[in-house]
Amino acid sequence: MADYILTDQKKVATRDAYGKALVELGKEKPAIVVLDADLSQSTKTVNFAKAYPERFFNMGIAEQNLMGFAAGLAAAGKLPFASTFAVFATGRAFEQIRNSIAYPKLNVKIAATHAGLTVGEDGASHQAIEDLALMRALPNMTVLVPADAEETRQVVRAAAAHSGPVYIRLGRLAVPTLFSTEYTFTLGKANILREGTDVAIIANGLMVSEALKAAAELSSQQVGCTVVNCASLKPLDEETIISVAKTTGAVVTAEEHNIIGGLGSAVAEVLAEKYPVPLRRVGIKDTFGESGRPEELLIKYGLTAQDIVNAVQEVLKLK
Amino acid sequence: MLTAIRQMANQIRQDIIEMLVPAKSGHPGGSLSAADILAVLYFSVLKIDPQNPQWPDRDRFVLSKGHAAPVLYATLAEKGYFPREELLKLRQTGHFLQGHPDMQKVPGVDMSTGSLGQGISAAAGMALAGKIDKKSYRVYALLGDGELAEGLVWEAAMAAAHYRLDNLVAILDYNGLQIDGKNEEVMTIAPVAAKWQAFGWNVIEVDGHNVEQLLQAFEAAANHQGRPTIIIAKTVKGKGVSFMENQVGWHGSAPNAEQAEAALKELREEQ
């Protein structure tokens, strides 16, 4: 186990970590402006709005215009962070992101919260399960999926330092803080959290925590797991993915996203072309979610440590 | 100066016709209707430097009706952003003059556009940046009339008024025609002035082919404080080429060599 993994894992939502990170960065980078679409209390951009009211702009419930303004601000030299829920950011405003941000390669950071099923009670209309597929398919777009509060802090900084459009996927639910400040996120790099020789579990977002739990359980069954945190979905760390496929000969992916188009697909593309090994994808199985408590939805839709354990057992049989 | 601008508008029209022939596709109607507006902007109003297209304090121009790229490219070439010969390679594989404006490829293009409604939204964002940075530059955006059916236009209009972006000037190329026919047959946009007034904009109505009226309107817009301005410019689609005027068929098809020759003859006679 990597020594930066905490034993006492306090629960913090990545959206909260985003809100804090923005305030911290706002002090260092006067070019940062923050835009929201009437959800600042939920996306936590309200923290920035309080700290720097002159650099916060509410665009009202108008996500297309949120992206258009962000594009214009970036074209005129500002460093805009645009936030709303992931469904509306990537769905409602997809074509604004495509044509006004990604195509002209403008320096806009789209930090979308309430991604995935763990939106919970609001139900399927508000649960983005396809946002990563949409953003990953756009040329020039960088796609980042932090696993916890510490990684979120570092991802936000990396996004601000990177020149060009970035999509950051954040969650509503409080999730375990896995990493100490010793952890280092690097854009384009995956992190190996623990090493084993039987199977590699590649996860991102809140499924990293589940992957670590699954690995602990499998270890008691004498199955050695490598666990990879793949927060940088694009650019993807192909080298690490191929390397862990070589050492273990079997791969399981785990993500809080449709198994179509997200991490599972990205890993499958790399393995199929460069080093085919048996693969199982844990994720949402091409279905919309529903209302319910986040923890119950994760169980119902097959996104738990136990689901990863089951997938590992299946994939081991194919070796 | 009025005569010089009128001559430039005529030259821009000739360039439009010439560049569309080898391209074999493109949008003459809505390019010709906007030639006077662009001539006034680029040869009198805009504070720009063709030698330094990225000058941070420059005025910005966003062609929100991005399909009128030929009129923008012709104007930029006449202004000296790139050689006029390049116009003849419009839309060709590997050439920088894309079918719709690309800010990464074309010097002088301030925003990539083509998907309608998005240019005015980005232009408003630029105007907001100017306010934040306390800069004196102004942002101009040219809209098409069919474009007003895009919801984003009105999202942007609402926000521009909310943030009091009096450094933003929209110009409506109101030629009355769009791909499928007349505005009122496709989607009613009238009453246009009342809509913009209701959204909190300063509205000025002019003849979009009258250079003097256009100049006065831009002057009035620059002096208006607290609200963004829209100049509703009544225009004729295909203006300057008799057989293209008010013909919806010339929205998106290029003239052949013979038609171009006839068009150029008319334009040269008018010069």
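The values are calculated or read from the model by the stated rules, or taken from the named source; none is laboratory data. In this text the structure is predicted, and so the values were computed from the model without any measurement. Here the Cβ positions follow ideal geometry from the backbone for every residue, glycine too, while neighbour counts run over all protein chains shown.
Is one or more of the residues making up the range A:82-101 within 14 Å of chain B (Cβ to nearest Cβ), closer than 20 Å to B:L128 by Cβ, in contact (Cβ under 8 Å) with a residue 40 or more places away in the chain and part of a strand (DSSP E or B)? For the range A:82-101, residues within 14 Å of chain B (Cβ to nearest Cβ), closer than 20 Å to B:L128 by Cβ, in contact (Cβ under 8 Å) with a residue 40 or more places away in the chain and part of a strand (DSSP E or B): present.
Total residues in the range B:72-107 satisfying the condition of being within 14 Å of chain A (Cβ to nearest Cβ) and not in a loop (DSSP other than H, G, I, E, B): the figure is 0.
Just one of (1) part of a loop (DSSP other than H, G, I, E, B); (2) crowded, with 18+ Cβ neighbours inside 10 Å; (3) not small (G, A, S) fails for A:H257. It is (1). Hey, any hits in the range A:156-163 for a residue that's closer than 18 Å to A:K234 by Cα, within 13 Å of the chain's Cα centre (by Cα), of a type in the set (G, A, S) and outside any helix (DSSP H, G or I)? No, there is no match, as no residue in the range A:156-163 is closer than 18 Å to A:K234 by Cα, within 13 Å of the chain's Cα centre (by Cα), of a type in the set (G, A, S) and outside any helix (DSSP H, G or I). Across the range B:141-182, the number of residues qualifying as more than 13 Å from chain A (Cβ to nearest Cβ) and more than 23 Å from A:E95 (Cβ to Cβ) comes to 9.
Of all the numbered requirements in (1) in contact with a strand residue (DSSP E or B) (Cβ under 9 Å, 6 or more places away or on another chain); (2) within 23 Å of A:L73 (Cα to Cα), B:D145 misses one, and that requirement is (2).
In the range B:163-239, counting only helices (runs of 4 or more DSSP H) that sit wholly within it, the ones holding 2 or more residues that are farther than 29 Å from A:G60 by Cβ span B:183-186, B:211-223. For the range A:284-296, state whether one or more residues are within 27 Å of A:T184 (Cβ to Cβ) and either hydrophobic (A, V, I, L, M, F, W, C) or in the same structural domain as A:M141 (by TED's automatic domain parsing) (or both). No, the range A:284-296 contains no residue that is within 27 Å of A:T184 (Cβ to Cβ) and either hydrophobic (A, V, I, L, M, F, W, C) or in the same structural domain as A:M141 (by TED's automatic domain parsing) (or both). Based on this model, can you work out whether A:F57 counts as within 14 Å of chain B (Cβ to nearest Cβ), over 28 Å from B:K65 (Cβ atoms) and assigned to a strand (DSSP E or B)? So A:F57 fails the test.
Scan the range A:140-173 residue by residue and report those that are among the hydroxyl-bearing types (S, T, Y) and touching an Asp or Glu at 6+ places or on another chain (Cβ under 8 Å). Correct list: A:Y167 only. Among the conditions (1) outside the structural domain of A:K246 (by TED's automatic domain parsing); (2) more than 23 Å from A:L298 (Cβ to Cβ), the only one that A:G196 does not satisfy is (1).
For the range B:123-139, filtered to residues that are within 9 Å of chain A (Cβ to nearest Cβ) and assigned to a loop (DSSP other than H, G, I, E, B), the residue that is nearest to the chain's Cα centre (by Cα) is B:Y137.
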